[in-house]
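Colleague: The structure's right below; bear with me while I get my questions together.
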Amino acid sequence: MPGIPSGNELESYALLLKPHRSLPPEGFFVFMVLISAITFIVGLVFFLAGAWPVAGFLGLDVLAIYIAFKLNYVSGRWQELIEISGSGMRVCRTSPSGKQSIWHFNPYWVRVETCLKDDECTGLILTSHGRRLAIGAFLGSDMRIKAAQSLHAALRVRLR
């Protein structure tokens, strides 16, 4: 999560924010194989007992689990790249569909605000000249705090 300095600390800074996914694609494959095997065995028992419609509904359960995980992986393609170089700051947000939105700021005027509620960081906002941009909405509280600290440090270096 910390920024990626390249060369001279004042030259450039980049912070890539992405949603965390705890189950990698290989783990998802193993999980689906196990769920499918267990469902097949249970469905076969019901089929042999004469309750053959149950097997079909068990297959629908496997399909629902598969679709839920695939939708979760699609939402995991959100990302925000925050770059500070020279006298410019750029925030590039990429949606799961690949659409990009780009905002430009002057890093000398940008302030990083954190919204705290019950010791939880509920929001991370960049403000400059009356404009506000919420970033990292897909991050957990601890990752938002780390991102805010990293951005504070990068912006502080430029003020010296």
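The values are calculated or read from the model by the stated rules, or taken from the named source; none is laboratory data. What you see is a predicted model; the values in this text were computed from it and never measured. Here Cβ is always computed from backbone atoms with ideal geometry, including for glycine, and neighbour counts include all displayed protein chains.
Colleague: Among the residues of the range 127-160, which ones are among the charged types (D, E, K, R) and either in contact (Cβ under 8 Å) with a residue 40 or more places away in the chain or under 18 Å from W103 (Cα atoms) (or both)?
Modeller: R131, R132, K146, R158
Colleague: Separate question: For residues that are exposed (fewer than 10 other Cβ atoms within 10 Å of the Cβ) and more than 17 Å from L151 (Cβ to Cβ), scanning just the range 83-110, find the one that is modelled with the highest pLDDT.
Modeller: Out of the qualifying residues, it is K99.
Colleague: Right, here's the next one. Which residue, of G27, G50, is modelled with pLDDT of 90 or more, assigned to a loop (DSSP other than H, G, I, E, B) and either out of contact with any helix residue (DSSP H, G or I) (no Cβ under 6 Å at 6 or more places or on another chain) or of a type in the set (A, V, I, L, M, F, W, C) (or both)?
Modeller: G50
Colleague: Let me ask something additional. Considering only residues that are modelled with pLDDT of 90 or more and crowded, with 17+ Cβ neighbours inside 10 Å, which ones fall in the range 111-123?
Modeller: Selection gives V112 alone.
Colleague: Right, here's the next one. Starting from the range 97-108, take each residue that is farther than 27 Å from V74 by Cα and list its partners that are of a type in the set (S, T, Y) and surrounded by 10 or more Cβ atoms within 10 Å (Cβ to Cβ), counting only C-beta distances under 7 angstrom and pairs at least six apart or across chains.
Modeller: F105/S128; N106/S128
Colleague: Do you know which residues across the range 127-159 are of a type outside the set (G, A, S) and assigned to a loop (DSSP other than H, G, I, E, B)?
Modeller: H129, F138, L139
Colleague: Could you tell me whether the range 58-70 includes any residue that is touching a Gly at 6+ places or on another chain (Cβ under 8 Å), without any contact (Cβ under 8 Å) to a residue 40 or more places away in the chain and surrounded by 11 or more Cβ atoms within 10 Å (Cβ to Cβ)?
Modeller: Within the range 58-70, one or more residues are touching a Gly at 6+ places or on another chain (Cβ under 8 Å), without any contact (Cβ under 8 Å) to a residue 40 or more places away in the chain and surrounded by 11 or more Cβ atoms within 10 Å (Cβ to Cβ).
Colleague: Which residue is surrounded by the most Cβ atoms within 10 Å (Cβ to Cβ), if the candidates are limited to the range 124-160 and must be out of contact with any Asp or Glu (no Cβ under 8 Å at 6 or more places or on another chain) and on the phi > 0 side of the Ramachandran plot?
Modeller: H129
Colleague: If we scan the range 68-78, do we find a residue that is at pLDDT below 90, in a helix (DSSP H, G or I) and in contact with a Leu (Cβ under 8 Å, 6 or more places away or on another chain)?
Modeller: No, the range 68-78 contains no residue that is at pLDDT below 90, in a helix (DSSP H, G or I) and in contact with a Leu (Cβ under 8 Å, 6 or more places away or on another chain).
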